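The values are calculated or read from the model by the stated rules, or taken from the named source; none is laboratory data. From a predicted model like this one, the values you see are computed outputs, not experimental measurements. Glycine gets a Cβ as well: all are built from the backbone with ideal geometry, and neighbour counts include every protein chain shown. Accessible surface areas use protein heavy atoms only, side chains included; no ligands, DNA or RNA. Shrake-Rupley method; radii C 1.70, N 1.55, O 1.52, S 1.80 Å.
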Amino acid sequence: MRLMGVDPGLNATGLGVIEITGDSTAHVHHSVIRTRAADELPSRISTIYEAVRIAAIEWGVAGAAVESSFVGNNARSAMLLGHARAAAILGLTAAGVPVAEYAPRLVKQSVTGYGAGDKSQVARMVAFQLGLTELPTPADASDALAIAITHWAQSRLSARL
């Protein structure tokens, strides 16, 4: 079974696909969808939606997870992130893929064992858990793989409870 993680962002949306076989997981694919800041917002949202939809179909994913919103002090940034999240979620659902959401802190905790781990710790642990010889880059793609790993871990936990 394949799972996709999505780290949404209006400038860069990370995608990560992992393969689950029994009690193990393996890296399948990671990439980043980039939009141009000079483009109008509807065009950028459409690009994210379509790229996520196509990737979900192309990689044959059975489930996906998206990182939930992080709301800091900048309301405008939070709104733009919300647009990117909505585009990714709609792209996944249009491809017929069920979508879960996980808080950034839970993703870091699941992958690094510490809820406040930094991006380099996440990348190192993702590489370790997926048996990669190099760190997955850029950080958006590494984070997307971490979200996919979290979805796998949370699904296993739910199934056992």
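Exactly one of (1) assigned to a helix (DSSP H, G or I); (2) out of contact with any helix residue (DSSP H, G or I) (no Cβ under 6 Å at 6 or more places or on another chain) is unmet by VAL61. Its number?
Only one criterion is unmet by VAL61, namely (1).
Checking the structure you have, find out if any residue of the range 42-56 is touching a strand residue (DSSP E or B) at 6+ places or on another chain (Cβ under 7 Å), assigned to a strand (DSSP E or B) and either small (Gly, Ala, Ser) or farther than 25 Å from LEU130 by Cβ (or both).
no
For HIS27, work out the one condition from (1) open to solvent by less than 30 Å² (accessible area, probe 1.4 Å); (2) under 15 Å from ALA148 (Cβ atoms); (3) touching a Leu at 6+ places or on another chain (Cβ under 7 Å); (4) not hydrophobic (A, V, I, L, M, F, W, C) it doesn't fulfil.
All conditions are met except number (1).
When ALA84 is evaluated against the numbered criteria (1) open to solvent by less than 60 Å² (accessible area, probe 1.4 Å); (2) touching a Gly at 6+ places or on another chain (Cβ under 8 Å); (3) farther than 18 Å from GLY9 by Cα, which criterion, by number, is the only one it fails?
Of (1) open to solvent by less than 60 Å² (accessible area, probe 1.4 Å); (2) touching a Gly at 6+ places or on another chain (Cβ under 8 Å); (3) farther than 18 Å from GLY9 by Cα, only one is false for ALA84: (3).
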